[in-house]
1. When you scan segment 106-130, how many residues do you find that are under 16 Å from Asp32 (Cβ atoms) and polar (S, T, N, Q)?
2. Of a type in the set (Ser, Thr, Tyr) and farther than 28 Å from Arg173 by Cβ - does that describe any residue in segment 7-21?
3. When segment 113-133 is examined, which residues are found to be in contact with a helix residue (DSSP H, G or I) (Cβ under 6 Å, 6 or more places away or on another chain) and free of Cβ contacts under 8 Å to residues at least 60 places away in the same chain?
4. What tally of residues in segment 49-100 results from selecting those that are within 17 Å of Val217 (Cβ to Cβ) and of a type in the set (Phe, Trp, Tyr)?
5. Can you tell me which residue is nearest to Asp45 (Cα to Cα) among those in segment 82-111 that are in contact (Cβ under 8 Å) with a residue 60 or more places away in the chain and among the β-branched types (Val, Ile, Thr)?
6. Residue pairs, Cβ under 7 Å, 6 or more apart or interchain, first in segment 204-215 and outside any helix (DSSP H, G or I), second surrounded by fewer than 20 Cβ atoms within 10 Å (Cβ to Cβ) and polar (S, T, N, Q). List them.
7. Which ones in segment 7-64 are hydroxyl-bearing (Ser, Thr, Tyr), under 20 Å from Arg196 (Cβ atoms) and outside any loop (DSSP other than H, G, I, E, B)?
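The values are calculated or read from the model by the stated rules, or taken from the named source; none is laboratory data. Everything numeric in this text was worked out from a predicted model, so none of it was measured. Reconstructed Cβ throughout: ideal geometry from the backbone, glycine too, with neighbour counts over all protein chains shown.
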Amino acid sequence: MQQQTVGGFGNLNIPQGYKLFKPKVNTRVHMDILMYAVSDEKHPDRDDDLEIAIPGSLWYRRPYKVHKGIGASNEAVTCPTTFGEPCPICEYVKQEYKKNPSEEDKELLRSIRAKDWVLYAIIPINNEVYEEEVYILNISFFNFQEQLKEELEENEEFWAFPDLEGGYTLNVRFTGASVGGGRKFPKVNRIDFEERDEDYTEEILDEVPNLDELLVVRSYQEIQTIFSGIPADTEEYENVPDGKPARSARSTRKRKTTSRKKTAEPEPETNEQPEQEEQQEEAPKRTRKTTKTTKEKGASKSSGTTSKRGSQAKSTKSAEEKEDGGEAEHKCPTPGGTFGKDFEIFDECAECVSWNECNDSYEEEWKK
């Protein structure tokens, strides 16, 4: 299947015949989230014990990390840490934070550090703008998945929402949020689960694109070149130390940053998605019948999810305790945060006095 790179989202390859779903501010959207066949052995959600997100299994989302506004062209770059690989931009950010940067430099570092985004395959239901066919939803974790996670933790019976048989339609309310009075972006503030009118057959899975293959993967050197603005085959590039961008490139970015209004908190993701190029073929339609599907395979069972959270809590406790006294050597100052595990998850991380220690713990214990 042919792929096309979406303008403004240089980190995504959208297959021909598919379009992005772009939610609007202050709207309600009914959607079915469908599962896809995982192919990436390093899927961020992989859990071998629960058989979640392992190659060949069905899962409903593709999390990834992305750097935005990189280089002279302000590119979006899929962060290699998504796949457990080193990233020159993340290394640069880490090194600069160790130097006790100024507030101006912290603003720059916050703008280029990796952000959490998620891909979904969805079918809009009874929508005035979108047909009932498969679309791709690409949205910030904090604008969608965070609320979905909270809803599922309160109502575990809804974990079957992506199942073909017995799944649920999501009634999603998008409100508007903004930073510093700027343009509003869509952010979910409520999700209700409704029984579907009909079940899906397994044939619908053939219409769902492989979300793992939508991410553009660049090499360490390619990302370094984009970040530094220096061609990789030049002598100047070879003299750039420790993966840092060239001084001239960094100075240019700083001048652009200072022209913007400074804010105390990092700027959230604006899920503004440009119009996609004209499609060359019709997106496939779905087939609905009442048949037995993948629900019994346990890809999204409530009991499995509960066990996963329980095992994570147990391992978190042991990682934080000292061997000699059982007291935590470091604690995350952010409510609900776990030291060494939730590294760079919260906005407060940029100002944390234990940033270096948390990063070291994350590298040693949680990133494996």
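1. The total comes to 2.
2. no
3. Correct list: Val118 only.
4. Total satisfying the criteria: 2.
5. Of everything passing the filter in segment 82-111, Thr82 is nearest to Asp45 (Cα to Cα).
6. Asn210/Ser39
7. Scanning segment 7-64 gives a single hit, Tyr36.
Per-residue answers, yes or no, for (1) part of a helix (DSSP H, G or I); (2) buried (at least 21 other Cβ atoms within 10 Å of the Cβ); (3) modelled with pLDDT of 90 or more:
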position: Ile89; (1), (2), (3): yes, yes, yes
position: Glu104; (1), (2), (3): yes, no, no
position: Tyr120; (1), (2), (3): no, yes, yes
position: Val129; (1), (2), (3): no, no, yes
